[in-house]
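Presented below is the structure to which this report refers.
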Amino acid sequence: MAVPPSQLIQKLKENKLFKLSFAVSGIMSTLLIYGVLQEKIMRVPYGPNKEFFKYSLFLVFCNRISTSAVSAAILLGSEKVLDPVAPIYKYCAVSVSNILTTTCQYEALKYVSFPVQTLAKCAKMIPVMIWGTAIMQKKYTGKDYLFAILVTIGCSIFILFPAAGDISPYSRGRESTVWGVSLMLGYLGCDGFTSTFQDKLFKGYDMDIHNQIFYTTLCSCMISFTGLILQGNLFLAIDFVSRHNDCFIDIIILSTVATISQFFISYTIRSFGALTFATIMTTRQLVSILLSCVWFAHPLTAEQLIGAVIVFGSIYSKSYFRSKPKPLPSEEAENRAVSPPRNNA
């Protein structure tokens, strides 16, 4: 007897493997497109005169206004609370740090290639640990610090040994310029604060994910718009995209996939937890590096390959050790009874 389509869809929705496949495919596809587009917009010239798009804050504004509109529509459609749950200044704190994070990310692409930037993002566990200790009084184990040090070493090797042919279009220096590295450090510090403070807001208030997204992105829209006006770049950016239709299309697609990825990320964390999400993101970063190397012809040195192996090996090892089930108290007691006594001398 054939199963009705409605029942088949319901069974698929209840299937955990299907839900995980849905989450993985959504995150991987949206963020891979996002990564390729942001590198294209910031590093590839447009038009016959080979003009570069230089207005990274305009990209932030476009991304945030689309996300804010979609999250508001979801809140209104589901009849959830549209009023702010936390004080507005706390949303603004997340918003400011998020704008600084994204701006540093786009600006860094003027001086470092996407593979370098993507691998450097793996080192954000260090600022997250620092902010977690400072803001939420979290405690970390020696193993956590060991993996953080290994990731830092791998990232440092990758950044300090670039290929001779991979030169920034904005400067004659090589990728490992002081300014490019400084922007990545700014990105890591601000991104670590953003995620830690968001976590604190969720734990301190009965806050829906869409409520936080709406108010933080709404604040980001106003701040980035004000920044564009003060810099005098708003009309310059509009003039650029009006003269280069392909750039306008790239920005529209970038904003769309950035918005969609936000909801896939929220769905994954809510359904499978932070550990599964971290593993998916690590895999996405690895695939993004390989795709960027092929798409934009970025050469990799032997030292960079070693650095990448150290970074991803450390991250996957950390995920493996965290996912190992802890023995039950009765099992621990039995193991201690069977194990020979240790000599502490």
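The values are calculated or read from the model by the stated rules, or taken from the named source; none is laboratory data. Just so it is clear, the structure is predicted and the values come from calculations on it, not from any experiment. Glycine gets a Cβ as well: all are built from the backbone with ideal geometry, and neighbour counts include every protein chain shown. SASA here: full protein model, heavy atoms, side chains in, ligands and nucleic acids out. Shrake-Rupley method; radii C 1.70, N 1.55, O 1.52, S 1.80 Å.
The table below lists the values:
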| quantity | calculated |
| --- | --- |
| Accessible heavy-atom area order of Ser56, Ser21, highest first, probe of 1.4 Å | Ser21, Ser56 |
| Per residue, in Å², the accessible surface of the stretch 28-96 once ligands and nucleic acids are set aside, probe 1.4 Å | 44 |
| Segment Ile229-Gln137, extension gain: residue separation times 0.36 nm, minus the distance between their alpha carbons | 29.2 nm |
| Ranked order, Leu236, Leu57 - accessible area, probe 1.4 Å, largest first | Leu236, Leu57 |
| Residue-level accessible surface for Phe235, protein heavy atoms, 1.4 Å, Å² | 150 |
| Cα gyration tensor, the stretch 207-258 - rounded (a/c under 1.5), prolate or oblate | oblate |
| Approximate spin-label separation Lys203-Ile249, in nm, with each point projected 7 Å along Cα-to-Cβ | 4.7 |
| Inter-label distance for Trp179 and Ser317, nm, one decimal - labels placed 7 Å from Cα along Cα-to-Cβ | 3.7 |
| Shape of the stretch 46-157, Cα gyration tensor, a/c cut at 1.5 | oblate |
| Heavy-atom surface of the stretch 179-260, accessible at 1.4 Å and reported per residue (Å²) | 47 |
